[in-house]
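Below: one structure, written as structure tokens.
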Amino acid sequence: DSGVTQTPKHLITATGQRVTLRCSPRSGDLSVYWYQQSLDQGLQFLIQYYNGEERAKGNILERFSAQQFPDLHSELNLSSLELGDSALYFCASSLGRTSGNTIYFGEGSWLTVV
Amino acid sequence: AQTVTQSQPEMSVQEAETVTLSCTYDTSESDYYLFWYKQPPSRQMILVIRQEAYKQQNATENRFSVNFQKAAKSFSLKISDSQLGDAAMYFCASVPAAGNKLTFGGGTRVLVKP
């Protein structure tokens, strides 16, 4: 158990819909990262928050947004969903601002868009 | 930009034997970190080992060890005394020391034969 908690574990939704994925980082970790793992794109960095502020942005679509709340949990919002958004979405956390700190992953949220 | 390449899509090893997974990377950074992550069928990403590029000593964690060749930009993972539970996808990843984004290789599937 990495200490990073993600909900829901599985989600099936229709095209055009909106979903929210939730993540609680490990106790004491200030950074939260979101990654997408798909068959064709592999593991891709989406976005990072550090202590409530956006720190780095990767290949995140405009239809996707994220935030980190004062209690440090984070949410990833995916809207106008398309079939190609079906993937495993990981949340990860680390103590500091940079990924050089050991980064721990949650179990992921499986999103299936039908 | 960083790139990570894993040239072996799949490796097979007999239980109790040793297997070595290859990883090469490219970076313009002078300081960076390298990681190996294990992804079993449960799909969770589990940190196996971490190497700091400025340290010449190769990292080890129990039956897992790396051969870090900085000049060659090579970072191979050796799994000794392979166990059935080692069967998984293994991902090599890198991140600049001052950066946020983990760049992953395409993964190597390890099969362990009893």
| field | Histogram of C-alpha separations across the protein assembly as shown, 5 Å bin width, % | value | 1, 7, 15, 19, 18, 17, 12, 7, 3, 1, 0
| Dipole moment magnitude, nearest 20 debye, the protein assembly as shown about Cα centre, only Lys, Arg, Asp, Glu C-beta charged | 120
| So what are region A:1-63's ellipsoid semi-axes, whole angstrom, largest first, if each one is the square root of 5 times an eigenvalue of the alpha-carbon gyration tensor? | 21, 16, 13
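Determine the relative contact order of chain A: mean sequence separation of Cα pairs under 8 Å and six or more apart, normalised by residue count, in whole percent.
Details: 297 pairs, mean separation 42.2, N = 114.
Answer for chain A is 37 percent.
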| query | So what's the Cα pair-distance distribution over chain A, bin width 5 Å, in %? | reply | 2, 13, 25, 26, 19, 10, 4, 1
| What percentages, rounded to whole numbers, describe P(r) for region B:1-97 computed over all alpha carbon pairs with 10 Å bin width beginning at zero? | 15, 51, 28, 5
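With 10 angstrom as the radius, rank B:ILE49, A:ILE60, A:ILE12, A:ILE103 by how many other C-beta atoms surround their C-beta, starting from the fewest. Write down the numbers at each step before the final one.
Numbers: B:ILE49 19, A:ILE60 16, A:ILE12 11, A:ILE103 30.
Ascending Cβ contact count within 10 Å gives the list A:ILE12, A:ILE60, B:ILE49, A:ILE103.
Using a 10 Å cut-off around each Cβ of peptide B:38-47, what is the average number of partner chain Cβ atoms that fall inside? Spell out each step's value before the answer.
Details: counts 0, 5, 0, 0, 2, 8, 9, 14, 3, 6.
The per-residue average across the peptide is 5.
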| note | Going residue by residue through region B:2-19, the Karplus relation 6.51 cos²θ - 1.76 cosθ + 1.60 with θ = phi - 60° gives ³J(HN,Hα) values, rounded to whole Hz and with x marking Gly or Pro, of 10, 10, 10, 10, 10, 7, 9, x, 8, 10, 10, 9, 7, 3, 6, 8, 10, 9
| query | Can you list residues whose amide H is under 5 Å from A:ALA66's amide H, if they're 5+ apart or on another chain and H is modeled 1.01 Å from N? | reply | A:ASN77
| query | What lysines could a cross-link reach from B:LYS101, if we take a straight Cα to Cα line under 23 Å and drop same-chain neighbours fewer than 8 places away? | reply | A:LYS57, B:LYS38, B:LYS55, B:LYS70, B:LYS73
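Coordinate-derived values only; no laboratory data. Quick caveat, the model's predicted, so the values are computed rather than measured. Using ideal geometry, Cβ is built from the backbone for each residue, glycine included, and neighbour counts are taken over all protein chains shown.
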